[in-house]
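The values are calculated or read from the model by the stated rules, or taken from the named source; none is laboratory data. Remember, predicted model here, so these are calculated numbers, not experimental data. So basically every Cβ, Gly included, is an ideal-geometry build from the backbone, and we count neighbours across all protein chains shown. SASA here: full protein model, heavy atoms, side chains in, ligands and nucleic acids out. Shrake-Rupley method; radii C 1.70, N 1.55, O 1.52, S 1.80 Å.
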Number of protein chains: 2
Amino acid sequence: MSPRPNRPLPLATPAGIEVLTKILTQGPIPRVEIARRTGLSQAAVTKAVAPLIEAGFVTDQPVAADPDAHIESQLGIGRPVSPLTVVADSVSVIGLKVTPTDLIGVTTDFTAGIRAVRHCRLPDTAAETVTAKLIELARQLIEEIEDPASLAGPLVGIGVAVSGDVDAVHGVVRDSPFMGWRDVPLAASLTDSLDVPVVVTNDVRALTVAEHWFGVGVNADSFAVVTIGSGVGCGLYINGEVVSGAHGVSGELGHLPLAPGELVCTCGRRGCVETVASSDAILARARETTGKPTLDLSGAIELAHAGNDDAREAFDRAGEVIGSALAAMVNLVGPELVVIAGEGVADYDLYEQRMREAFAAHAFGAAGDCRLMLRSHTFDDWARGAAATVIRSYVRGEPPLRR
Amino acid sequence: MSPRPNRPLPLATPAGIEVLTKILTQGPIPRVEIARRTGLSQAAVTKAVAPLIEAGFVTDQPVAADPDAHIESQLGIGRPVSPLTVVADSVSVIGLKVTPTDLIGVTTDFTAGIRAVRHCRLPDTAAETVTAKLIELARQLIEEIEDPASLAGPLVGIGVAVSGDVDAVHGVVRDSPFMGWRDVPLAASLTDSLDVPVVVTNDVRALTVAEHWFGVGVNADSFAVVTIGSGVGCGLYINGEVVSGAHGVSGELGHLPLAPGELVCTCGRRGCVETVASSDAILARARETTGKPTLDLSGAIELAHAGNDDAREAFDRAGEVIGSALAAMVNLVGPELVVIAGEGVADYDLYEQRMREAFAAHAFGAAGDCRLMLRSHTFDDWARGAAATVIRSYVRGEPPLRR
């Protein structure tokens, strides 16, 4: 038997889920506005909200920390507006991000606000090592949540974000080239040890869920999150939902065959975007062009910033392929907004110009009118994405792990 | 003022639209099954269906032409099942497809079944010429519909399918390289002359709507329609809806930069898929490799079928780029099913092997598990796609043309 959340939500109907989602992602929001945005009757909204207030997940009292809610309540003429807000501390969620060298863990509240952060070095990337370290890190975060001095709500779930092909339904990492993993049943291992619902998800998709529910995507009809760093990834939000792929794979922007065919990718395929645009590929190229085989990435960045043409060439080449990949993506799905994020964004200036030129050269017609937005980004954000995915599953009442 | 449909549907609520859509696309279907598939209560389904039956759009009587409905009604124990079907002849729709040399017009019934077909040669591709010819062709089809001897229902709208960047909201063809058009306000011209609601749409997207509502897509959670012929296009159905693109552009598979950069596309960009995979590109290459400058496409196909290696090379090259483009698309959106259609499919055998090899080489992980399905296809299907788009707008009560 898979564990159930500690604190189940009183949501019996699709309308209830829709209403809570609106409060969570767009609150503070008055009942009448929820009715307008969902197409539900005001009576239906009121009926859905009542048990949520009763159980302490939602409040119609002004929230001290929210100046807008305060202003709005002063503006009310006649009957007060009483906008609805989620009670952030009603539940806690843990998000974990796996990288080849470190684990990053965060505890968040119900609105994906980060309350605690813990990092942990990994001695190696073996699935058993990493699983044990994940359990250890989760236990530390759970202990903090359960500390009576803490104001945190009860833990309702743990999310784990891993790069690669992840079967979220069964909680199995099918193929993660960065970790060197194949078919690792991560959710089952964690659930057995921790007795908490566990969601395992592709890291870029987790970030996209976070942007959709709690970030720049809240008001966008469609958007893409493109991550640039040790890999190149892409999350897509289209037609009201994050795209998950019929077989669990989507957004593999780093594996579009847009680079020269003679380059072999870490995934084994030829000509993938990552063969020139991943940070490893940029470094390898910079070592080659500068003739400095011991250069490290920060050294390459420094040289390029100092105007060294040989070092710049590696970034130019990456920018060109990233720009082509962005164009390919917008030509296919035509998002309203493209958010560029990831570790690589810190040095965005080094490849921005070539990237924009290649994008402009290949974006088709009005597809190129999408907004490109830069978003600075830390490793904690990846972990927060995993937490956001848990919050979404929790609100939607999605079944725990299927084995 | 834009014209309203001749015969408005009695649909006041989103639930009503959902119920009619299920009957239209999945009928014959019992009320209980509609309730199950939509999540509506049986009472809500019954309430939504009553005015549709009353007004003659839907029937619960067995339809003679449908053997399944007959069997199902015999199987009923106790209360009869009375599956619901749309009354095909309750309305008529006209679909028109524009090509550089011909117009194709069809009249369909409410279920997109083709009832009449008319083709018309174009003397040139000037927007004024084509608009006048479209109006002439539509008038002929309208006359047939209005003939008292005809059993056709009243005309509720006209759809026009054009390749390129089409602003469907305003009914303007923004950029159609094949037609040499820029900013042609086709819907306004046709509406003014014919006084019927007119929908103008990208042709591949129209085909995707037809597959979604009346074709292979009815039971797929996600699918792509890839068309191969004078151009290479792609329609996507993801997360419950056909992808339209925030700025009206999506599915431009023919303009992914996957071909050699020295080749210039008809759209002016470099390295587009169409520079090697369109039928014109295949022909140009075959003329070059065979040294026969007067070869035509059927001659090139004949030579390739006869085993001429020079002619085959042109098809191999096209197959390779099409396969890479398919892989790029599935890596990004991960559809369950890919339908390959279009004029070029008749000679699919000539490039199938290279296409499959390139697809297998570049599809990432489980994304490559999607089904690839071949669908033979005539020009009438494009026109039927335009009609399906009108049926969808009509059922959804979408506002007529915004100017």
When B:ALA314 is evaluated against the numbered criteria (1) free of Cβ contacts under 8 Å to residues at least 40 places away in the same chain; (2) open to solvent by 10 Å² or more (accessible area, probe 1.4 Å); (3) more than 21 Å from A:LEU256 (Cβ to Cβ); (4) assigned to a helix (DSSP H, G or I), which criterion, by number, is the only one it fails?
(2)
Which residue pairs have Cβ atoms under 8 Å apart, sit 6 or more places apart or on different chains, and have a first residue in segment A:156-176 that is among the charged types (D, E, K, R) and a second that is assigned to a loop (DSSP other than H, G, I, E, B)?
A:ASP165/A:GLY248; A:ASP165/A:VAL249; A:ASP165/B:PHE364; A:ASP167/A:GLY248; A:ARG174/A:GLY164; A:ARG174/A:GLY248; A:ASP175/A:GLY164
A:ILE135: open to solvent by 10 Å² or more (accessible area, probe 1.4 Å), closer than 19 Å to A:THR108 by Cα, of a type outside the set (Asp, Glu) and touching a residue at least 40 places away in the same chain (Cβ under 8 Å), yes or no?
yes
Picked from segment A:260-290 (must be among the hydroxyl-bearing types (Ser, Thr, Tyr) and either part of a loop (DSSP other than H, G, I, E, B) or in contact with a Leu (Cβ under 8 Å, 6 or more places away or on another chain) (or both)), the residue nearest to A:ALA346 (Cα to Cα) is A:SER279
In this structure, does B:MET329 turn out to be closer than 22 Å to B:VAL209 by Cα and within 12 Å of chain A (Cβ to nearest Cβ)?
yes
Scan segment B:319-357 for residues that are assigned to a helix (DSSP H, G or I), of a type outside the set (S, T, N, Q) and open to solvent by 10 Å² or more (accessible area, probe 1.4 Å) and jot them down.
B:GLU320, B:VAL321, B:GLU343, B:GLY344, B:VAL345, B:ALA346, B:ASP347, B:ASP349, B:GLU352, B:ARG354, B:ARG356, B:GLU357
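Scan segment B:81-135 for residues that are among the polar types (S, T, N, Q) and in a loop (DSSP other than H, G, I, E, B) and jot them down.
Answer for segment B:81-135, where residues must be among the polar types (S, T, N, Q) and in a loop (DSSP other than H, G, I, E, B): B:SER82, B:THR99, B:THR101, B:THR111, B:THR125.
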Taking segment B:187-208 as the search range and keeping residues that are under 24 Å from B:LEU253 (Cβ atoms) and in a helix (DSSP H, G or I), which one is most open to solvent (accessible area, probe 1.4 Å)?
B:ARG205
Verdict on B:PRO100 being free of Cβ contacts under 8 Å to residues at least 12 places away in the same chain, surrounded by fewer than 21 Cβ atoms within 10 Å (Cβ to Cβ) and over 23 Å from B:VAL395 (Cβ atoms):
no
With criteria (1) outside any helix (DSSP H, G or I); (2) farther than 21 Å from A:LEU256 by Cα; (3) hydrophobic (A, V, I, L, M, F, W, C), B:ALA383 comes up short on (1)
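Of B:THR289, B:THR294, B:THR266, which residue is within 14 Å of chain A (Cβ to nearest Cβ), among the hydroxyl-bearing types (Ser, Thr, Tyr) and surrounded by fewer than 24 Cβ atoms within 10 Å (Cβ to Cβ)?
Within the list B:THR289, B:THR294, B:THR266, the selection yields B:THR266.
Suppose we filter segment A:209-250 for residues that are assigned to a loop (DSSP other than H, G, I, E, B) and β-branched (Val, Ile, Thr); how many remain?
2
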Within segment A:269-286, of all residues that are open to solvent by 40 Å² or more (accessible area, probe 1.4 Å) and farther than 18 Å from B:ASN331 by Cβ, the one farthest from the other protein chains (Cβ to nearest Cβ) is A:ALA284
Note on segment A:4-17: residues under 19 Å from A:ALA112 (Cβ atoms) and assigned to a helix (DSSP H, G or I) are A:ILE17
Could you grab me the full set of residues in segment A:151-161 that are in contact with a helix residue (DSSP H, G or I) (Cβ under 6 Å, 6 or more places away or on another chain) and either open to solvent by 20 Å² or more (accessible area, probe 1.4 Å) or within 14 Å of chain B (Cβ to nearest Cβ) (or both)?
A:LEU151, A:ALA152
Pairs, first farther than 18 Å from B:ALA161 by Cα and at pLDDT below 95 in segment B:218-238, second part of a strand (DSSP E or B) and open to solvent by less than 10 Å² (accessible area, probe 1.4 Å), C-beta under 6 Å, six or more apart
B:ALA220/B:LEU337
Members of segment B:243-263 that are within 23 Å of the chain's Cα centre (by Cα) and either away from chain A (no Cβ under 11 Å) or not hydroxyl-bearing (Ser, Thr, Tyr) (or both):
B:VAL243, B:GLY245, B:ALA246, B:HIS247, B:GLY248, B:VAL249, B:GLY251, B:GLU252, B:LEU253, B:GLY254, B:HIS255, B:LEU256
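For residues in segment A:22-44 being farther than 17 Å from B:THR13 by Cα and of a type in the set (A, V, I, L, M, F, W, C), which is surrounded by the fewest Cβ atoms within 10 Å (Cβ to Cβ)? Talk me through it step by step, then tell me what you get.
The first filter runs over segment A:22-44 and keeps only residues farther than 17 Å from B:THR13 by Cα, leaving A:22-34.
Going one step further and asking which of them are of a type in the set (A, V, I, L, M, F, W, C), we end up with A:23-24, A:29, A:32, A:34.
Working: A:ILE23: 26, A:LEU24: 23, A:ILE29: 21, A:VAL32: 12, A:ILE34: 26.
Ranking the candidates gives A:VAL32 first.
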Filter segment A:297-310 down to the residues that are open to solvent by 80 Å² or more (accessible area, probe 1.4 Å) and assigned to a helix (DSSP H, G or I), then identify the one that is nearest to A:TRP181 (Cα to Cα).
A:GLU302
State yes or no: is B:MET355 within 14 Å of chain A (Cβ to nearest Cβ) and modelled with pLDDT under 90?
no
Of the residues A:GLY240, A:GLY231, A:GLY215, only one is open to solvent by 10 Å² or more (accessible area, probe 1.4 Å), of a type outside the set (Phe, Trp, Tyr) and at positive phi; which?
A:GLY240
